[in-house]
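A.B. asks: Below are the C-alpha cells for one structure; questions will follow.
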Amino acid sequence: MTTLTATRVEPQKPWKTTPKQAIPNFLMLGLALIATIVVVAVTPMKGKLAYAFLFFVFGTSFQMFLTWRKRGKAAAVDTFAGSVMMTGGILVFLPVASLLWTTIAKGFKGLGLHVFTQTMATTSYSDPLSKGGLLHAIIGTLYLILIATVISLPLSLLTALYLTEIKGRASGFIQFLVQAMSGVPSVVAGVFIYAAILLSTHLRGSTFIGALPLAILMIPTVTRTSQEVLNLVPNELREAGLALGATQWKTVATIVVPAARSGLITAVILGVARIAGETAPLLFTLGTTDKVNWNPFVGGQNALPYYVWSGLRDGTEGGVQRAWTGILVLLIVVLSLFVTARVFGNRKAKR
Amino acid sequence: MSSTLVNRPATPEPREITTKPRPSDIFFRGVLTTMSLSSLLILTLIGLFLSFRGYQAFKTQGFHFLTAYDWNASTDAGQKDVFGLGAMIIGTLVISTVALLIGVPLSVLTALFLTFYAPEKIKKSLITIVDLMASFPSILYGLWGFIVLMPMAEYWAKLIHKYLGWIPVFSVPQPAFTRSPFIAGLVLAIMIIPIVTSVSREIFGQTPLDRIQAAYALGATRWAMIKAVVLPFGASGVVGGAMLGLGRALGETVAVYSVLNIVFKANWHVLYGFGGNIASMIVQKWGEASLSESKALLAAGFVLFVMTLLVNLLANFIVRRTIKSGR
C-alpha cells in the first residue's frame, strides 16, 4: 500500500536577486552617498541641488561600473537608462508631494469652524484670520456646479448615446467636434459668454451666467467618459431587448442606461472635478460679492477659485493666507470628487 | 376527438416583419441626432460671436493685429487705437516651447518608467497620482508656483545664466530673474505632464507583445528593447500627446498670470523677468479696458481659440492615426 503524500511546492523565482547579490548594490549606493557629501564639502558646489545632482551622477556611474564588470557594456547602458527613467519619474512625483504638502501646511493655519459659517461681508484682508470665512464662496461653488451639471448633463448624455447607440453617418464628425471642444481654453469660454450675453443684453454677471462657460467646459469631459462607459455595455443586452420586441428607445432607457448607471455617475463626477477649480471664465461672468447670495439669477456671486484668486491678487499677507485656506478647501472638494469617481469606477469594473 | 381539433382557435395572424422604425424610434433618433449637434452649435457660436465682436479691431488694425508689437488704447477721442498682438503671440510661443522642452522628455521618461520599470505593486498607485495631477485646479498650480517654485526656479535660472549665458536665449539684458517666462514655462510643464504621460503610456502599452519578446529572445537588454521596439512604435503617439499638451499650454491663464510679470513687449530671453501670453493678457487688460479695447481683447480671444483649435485637431489626427494603424 502506497500512501500519497502531498508536498507543498513553493514557486521558485530564480531571477530574484538574493541578499548576497544585493550587497554590492547597496555598497555602491553608500559609496555614492559618501562621495556626494565629500564633493559638496570640498568644492564650491553647495545646496540641495548639488546634493541631488551629484548623488545622481555618482550613484549612476558606480552602478554602471558594477554592471559593466559583471555583464558588459550593453548592460551598463541599460543601467544608465533605467536610472535616468527612475530620476524622471521622481522629478514628476516631487511636485505633487510638494503641492499637497504646502497646501495642507499653509492652508491649515487659517482653518476653523468660522471658515464654514462666516462670510467676508464685514471682514477685510487685514483683519485677523479668526474672523471671516468662505461660506459665500462654498455656496457659490455648489450653485455653479449644480447649474452647470443641469445644463451639460442632458447634452453630453444624449451626444454620447448618439455616438454609441445610433452610430449614424455623422458620428465621426461629432466625435471630432467633441475632441475639438475639449481643447477650448477656459478663458475663451468665459470671453465667449461675455461677448454673447453680457455685451449683447442688459444682463449683469450672475451665478447662472457664470455657470454657462463651465457647462461648455464640462460637456466634452462628460461626453467622452459616458461614451467609454456605454461602449462597455455588452451588445447582448441590447439584442435581448430588441428580441423581446422593445423599441430602441425602450431598450436604451430601460436596459442600456441603467446598466451603465454607475459609470455615468463617474462621468458626471469627473466633469464636476474638471470645472470645480476653474477660475478664468468666472472673472468675466460671475460678478462678485462678499455676502451669501441665494438668488442664482440676480446679483453677483463668489466661488472658491474666485475667492483664492482675489486673495492672491490682493497680495497682502492676510490675502495670501486666506487664499491658502481657500485652496485647501477647494483641494479637499476636488480630491473627494476624485476619490468618489474612483470608487464608483472600480465597483463597476469588479462586477 | 376530431371536434376538439376543429374547435381549436385559429392560428394568430403572423406579425408583420418590417425594418421600418416605429414612430417612437424615429422620434428618439431625431432627438439624439439634434442634441448631438449641440457641440457643433457651441463651437460655431464661439467662433461667430468672438469674431463678430472683435471685427472692429480686425477691421481697423488689419493684418497688423497679428504682427504689430504695440498695444495702446487711446485716451483721447482724436487719437487712434493701436492694437498689435504680436508680442503676446511670441510670448505664448516662448512659454509653450519652454513647457514642452521640459515637460515632454520628463513625461516620456515617466511613461516608460511606469510601463516597463515600475514594480507591479506600486504601479497602480503611481498611475493614480499622475491622474490626480491632472485634476488639480490651475489656480493651485499658480499659487504653488508663485510661493514655492519661484524662489527655487530663480536660483536655477541664475545657475543656467552663469554657465550657459553665452547662448543668446539664456542671456539677459539686466540681472532680473524673477517672474520670467522660464518660470511660467516650468509651471506649465508640470501642468502638461499628466496629459502627455497618460497619452504616451497608453500608446507604449499597446506595443505588440510578440515584438517585445522577440527582442528579449535575441538577447536585448531592457533599454535595447525599448530603443528598438517601443520608441519607434510609440514615437508618433508621443508627438500627438505633446500636441495635446501644447493645446493646454497655449490657453492656460491663471497659472501663467500668477507667476509671470506680464509686460506688453516681445521677449526672447527666457530667463529675463517679463513676458506674457494671450490668455493672461486678456485677463490683465480686462479690468480697465475701454469698449474699443475690450473688443480688441475679444478679437485676441478669437485668435487664441483658432490657435488651440488647430493644435488640438492636429494632435487628435496624429494620435488617432497611430492608434488605428497599430503598427
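A.B. asks: Mind checking which helices (runs of 4 or more DSSP H) fall wholly inside segment A:224-302 and carry at least 1 residues that are in contact (Cβ under 8 Å) with a residue 24 or more places away in the chain, away from chain B (no Cβ under 14 Å) and among the aliphatic types (A, V, I, L, M)?
C.D. replies: Passing ranges, in order: A:261-276.
A.B. asks: Does segment A:96-120 hold any residues that are over 18 Å from B:I139 (Cβ atoms), of a type in the set (S, T, Y) and without any contact (Cβ under 8 Å) to a residue 60 or more places away in the chain, and which are they?
C.D. replies: If the condition is that a residue be over 18 Å from B:I139 (Cβ atoms), of a type in the set (S, T, Y) and without any contact (Cβ under 8 Å) to a residue 60 or more places away in the chain, then A:T117 is the only one that fits.
A.B. asks: Just to be sure I understand, how many residues within segment A:144-174 are within 13 Å of B:M35 (Cα to Cα) and in a helix (DSSP H, G or I)?
C.D. replies: Summing the residues that are within 13 Å of B:M35 (Cα to Cα) and in a helix (DSSP H, G or I) in segment A:144-174 gives 16.
A.B. asks: While we're here: Could you tell me which of the residues A:H114, A:H136 is more than 14 Å from chain B (Cβ to nearest Cβ) and buried (at least 21 other Cβ atoms within 10 Å of the Cβ)?
C.D. replies: A:H136
A.B. asks: Please pick out the residue among A:F108, A:F58, A:F62 that is more than 19 Å from A:F26 (Cβ to Cβ) and aromatic (F, W, Y).
C.D. replies: Step by step, each of A:F108, A:F58, A:F62 is checked, and only A:F108 is more than 19 Å from A:F26 (Cβ to Cβ) and aromatic (F, W, Y).
A.B. asks: Can you name the residue in segment A:303-328 that is within 19 Å of A:K291 (Cβ to Cβ) and among the aromatic types (F, W, Y) and is also nearest to the other protein chains (Cβ to nearest Cβ) among such residues?
C.D. replies: Here the residue is A:W309.
A.B. asks: Taking B:L126 as the residue in question, decide whether it is assigned to a helix (DSSP H, G or I), touching a residue at least 40 places away in the same chain (Cβ under 8 Å), within 11 Å of chain A (Cβ to nearest Cβ) and over 14 Å from the mean Cα position of the chain (by Cα).
C.D. replies: Details: assigned to a helix (DSSP H, G or I): yes; touching a residue at least 40 places away in the same chain (Cβ under 8 Å): no; within 11 Å of chain A (Cβ to nearest Cβ): yes; over 14 Å from the mean Cα position of the chain (by Cα): yes.
No; evaluated as a whole, the condition is false for this residue.
A.B. asks: Follow-up. Scan segment B:179-191 and tell me whether some residue there is within 13 Å of chain A (Cβ to nearest Cβ), within 30 Å of B:I90 (Cβ to Cβ), aromatic (F, W, Y) and surrounded by 24 or more Cβ atoms within 10 Å (Cβ to Cβ).
C.D. replies: no
A.B. asks: Quick check: anything in segment B:289-296 out of contact with any helix residue (DSSP H, G or I) (no Cβ under 8 Å at 6 or more places or on another chain), closer than 27 Å to B:M150 by Cβ and more than 10 Å from chain A (Cβ to nearest Cβ)? Quick ask: steps written out before the conclusion?
C.D. replies: Of segment B:289-296, the ones out of contact with any helix residue (DSSP H, G or I) (no Cβ under 8 Å at 6 or more places or on another chain) are B:290-291.
Keeping just the survivors that are closer than 27 Å to B:M150 by Cβ gives none.
So far as segment B:289-296 goes, no, none of its residues is out of contact with any helix residue (DSSP H, G or I) (no Cβ under 8 Å at 6 or more places or on another chain), closer than 27 Å to B:M150 by Cβ and more than 10 Å from chain A (Cβ to nearest Cβ).
For (1) part of a helix (DSSP H, G or I); (2) within 10 Å of another protein chain (Cβ to nearest Cβ); (3) surrounded by fewer than 21 Cβ atoms within 10 Å (Cβ to Cβ), each residue gets a yes or a no:
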{"site": "B:L140", "(1), (2), (3)": "yes, yes, no"}
{"site": "B:M152", "(1), (2), (3)": "yes, yes, yes"}
{"site": "B:Y155", "(1), (2), (3)": "yes, yes, yes"}
{"site": "B:V199", "(1), (2), (3)": "yes, no, no"}
{"site": "B:F204", "(1), (2), (3)": "yes, no, no"}
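A.B. asks: Sticking with this structure for a sec: Counting only residues that are surrounded by 16 or more Cβ atoms within 10 Å (Cβ to Cβ), at pLDDT 85 or above and either β-branched (V, I, T) or not in a helix (DSSP H, G or I) (or both), how many does segment A:98-110 have?
C.D. replies: Adding up the residues that qualify gives 2.
A.B. asks: Which of the residues belonging to segment A:155-171 are without any contact (Cβ under 8 Å) to a residue 40 or more places away in the chain and closer than 29 Å to B:F52 by Cα?
C.D. replies: Hit for segment A:155-171 is A:A170, nothing else.
A.B. asks: Right, another one. Is it the case that some residue within segment A:48-56 is among the aliphatic types (A, V, I, L, M), modelled with pLDDT of 80 or more and either more than 38 Å from the chain's Cα centre (by Cα) or in a loop (DSSP other than H, G, I, E, B) (or both)?
C.D. replies: No, the conditions are met nowhere in segment A:48-56.
Yes/no matrix, rows are residues, columns are (1) farther than 19 Å from B:V259 by Cα; (2) of a type in the set (A, V, I, L, M); (3) modelled with pLDDT under 90:
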| site | (1), (2), (3) |
| --- | --- |
| A:E278 | no, no, no |
| A:L283 | no, yes, no |
| A:V292 | yes, yes, yes |
| A:L312 | no, yes, yes |
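Table: residues versus (1) among the β-branched types (V, I, T); (2) in a helix (DSSP H, G or I); (3) within 16 Å of A:T164 (Cα to Cα).
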site	(1), (2), (3)
B:I17	yes, no, no
B:K20	no, no, no
B:S24	no, yes, no
B:F28	no, yes, yes
B:T34	yes, yes, yes
B:G47	no, yes, no
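A.B. asks: Could you check A:S130 against (1) more than 30 Å from A:E317 (Cβ to Cβ); (2) surrounded by fewer than 21 Cβ atoms within 10 Å (Cβ to Cβ); (3) not acidic (D, E) and say which number it fails?
C.D. replies: (1)
A.B. asks: Something else: Please name all residue pairs, on different chains or six or more residues apart, with Cβ atoms under 6 Å, provided the first residue is in segment A:71-95 and is more than 8 Å from chain B (Cβ to nearest Cβ) and among the aliphatic types (A, V, I, L, M) and the second residue is crowded, with 19+ Cβ neighbours inside 10 Å and part of a helix (DSSP H, G or I).
C.D. replies: A:A76/A:M64; A:A76/A:T67
A.B. asks: Name the one entry in B:A224, B:A217, B:A249, B:A255 that is within 11 Å of chain A (Cβ to nearest Cβ), among the hydrophobic types (A, V, I, L, M, F, W, C) and free of Cβ contacts under 8 Å to residues at least 12 places away in the same chain.
C.D. replies: Answer to the selection: B:A224.
A.B. asks: Here's another thing I want to ask about it. Does segment A:175-195 hold any residues that are in a helix (DSSP H, G or I) and facing chain B (nearest Cβ under 7 Å), and which are they?
C.D. replies: Kept after step one, since they are in a helix (DSSP H, G or I), are these residues of segment A:175-195: A:175-182, A:186-195.
Listed by number, the residues that qualify are A:L177, A:V178, A:Q179, A:A180, A:M181, A:S186, A:V187, A:V188, A:V191, A:F192, A:A195.
A.B. asks: Also, quick follow-up: Please find, within segment A:314-339, the residue that is nearest to the chain's Cα centre (by Cα) out of those that are polar (S, T, N, Q) and surrounded by fewer than 16 Cβ atoms within 10 Å (Cβ to Cβ).
C.D. replies: A:S336
A.B. asks: Scan segment B:91-117 residue by residue and report those that are within 30 Å of B:A68 (Cβ to Cβ), among the hydroxyl-bearing types (S, T, Y) and crowded, with 23+ Cβ neighbours inside 10 Å.
C.D. replies: Across segment B:91-117, the qualifying residues are B:T92, B:S96.
A.B. asks: Would you confirm whether or not segment A:199-212 contains a residue that is touching a Phe, Trp or Tyr at 6+ places or on another chain (Cβ under 6 Å) and surrounded by 24 or more Cβ atoms within 10 Å (Cβ to Cβ)?
C.D. replies: yes
The values are calculated or read from the model by the stated rules, or taken from the named source; none is laboratory data. Quick caveat, the model's predicted, so the values are computed rather than measured. As a convention, Cβ positions derive from the backbone with ideal geometry for all residues, glycine included, and neighbour counts pool all protein chains shown.
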